[in-house]
Amino acid sequence: MVNADARDKEVKAAQAELKAETAEIEEEKEQARQRTAVDEKLLTEARGKRDQLRTGVREDLLRHYERVSKFRGSGISEVRDHKCMACQVMLRPQTYNEVRSGKETIVCDSCQRILYFNPKEELVEKTETVHRPKRHHPKIDAPQAWYYRAEFAEDGEVFLCLTNASGQASRRVYDIHTGRVLGDILIREGNYREAFPEDITGSTRLNGNWSEEELDEFGDELPMVILDSLNADLDAARHEAASGSHAKHAVPATPTEQAAS
């Protein structure tokens, strides 16, 4: 009888505990149903907005987006600091500039995601930059000089490589975005300051020194490492000009070279 009374108490206690747990579970189920109802409402609204936005997108672009999303989880990627943030692959300067312009739809050559640019991110990065290292200035009498021109004939922005050798001067012209050679190598008598004054005047002098053999090996297009180096120095030169620090490092030069610097 004593054992029966003890068992009876245990059963009653278990029943009370079960009842409390059941009530707690039912409360959690009700909360889950409420959350599900809210989520389904938001999902319906989001799908409606998505369908409305899809009507303004080209069908071929939608197919590309859906195909890439299926295999990679997302069909778009932000571009920041010259690279695709999804696959972390560096973009060519021309591709980066095209994405920034927003005039055309550009996809990443590596992951095929559609690229987009957020100007606010670039603004934050520039704001957080406290200082830059002091820019090195090339020697005026160097046998080779690189220049940036904002306008060159009908080719737009270019890099110029002027080289002195054996009493003659040569000029190579490269597209600033792709690094491709524009036209043929031009050779004139004398040093490059005398042979190409019209190209130097109004140009920005850059750092760069690669041998004729290396330039020949580059062929019709500058390697990305060279193109990135020139673009980085151009960016530093622009920052220097904007901050007015160029005058602190100025060196004696001819009038033509002063205009070029």
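The values are calculated or read from the model by the stated rules, or taken from the named source; none is laboratory data. These numbers come from a predicted model, not from an experiment. Heads up, the Cβs are rebuilt from the backbone with ideal geometry, glycines too, and the neighbour counts pull from every protein chain shown.
Some notes on this structure:
- Region 84-123 - residue that is part of a loop (DSSP other than H, G, I, E, B) and β-branched (Val, Ile, Thr) and, of those, modelled with the lowest pLDDT: Val89
Yes/no per residue for (1) surrounded by fewer than 10 Cβ atoms within 10 Å (Cβ to Cβ); (2) under 18 Å from Arg113 (Cβ atoms); (3) polar (S, T, N, Q); (4) out of contact with any helix residue (DSSP H, G or I) (no Cβ under 6 Å at 6 or more places or on another chain):
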{"residue": "Glu40", "(1), (2), (3), (4)": "no, no, no, yes"}
{"residue": "Leu43", "(1), (2), (3), (4)": "no, no, no, yes"}
{"residue": "Arg47", "(1), (2), (3), (4)": "no, no, no, yes"}
{"residue": "Asp51", "(1), (2), (3), (4)": "yes, no, no, yes"}
{"residue": "Thr55", "(1), (2), (3), (4)": "yes, no, yes, yes"}
{"residue": "Asp60", "(1), (2), (3), (4)": "yes, yes, no, yes"}
{"residue": "Arg63", "(1), (2), (3), (4)": "no, yes, no, yes"}
{"residue": "Arg67", "(1), (2), (3), (4)": "no, yes, no, yes"}
{"residue": "Phe71", "(1), (2), (3), (4)": "yes, yes, no, yes"}
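- Total residues in region 86-104 satisfying the condition of being surrounded by fewer than 15 Cβ atoms within 10 Å (Cβ to Cβ) and more than 21 Å from Ser229 (Cα to Cα): the figure is 5.
- Matching option when the condition is assigned to a helix (DSSP H, G or I) and closer than 30 Å to Glu98 by Cβ, among Ala241, Ala153: Ala241
- Any chance Glu10 is free of Cβ contacts under 8 Å to residues at least 40 places away in the same chain and assigned by TED's automatic domain parsing to the domain that holds Leu115: no
- Filtering region 211-261 to residues that are polar (S, T, N, Q), at pLDDT 50 or above and loosely packed, with under 13 Cβ neighbours inside 10 Å leaves Ser211, Ser243.
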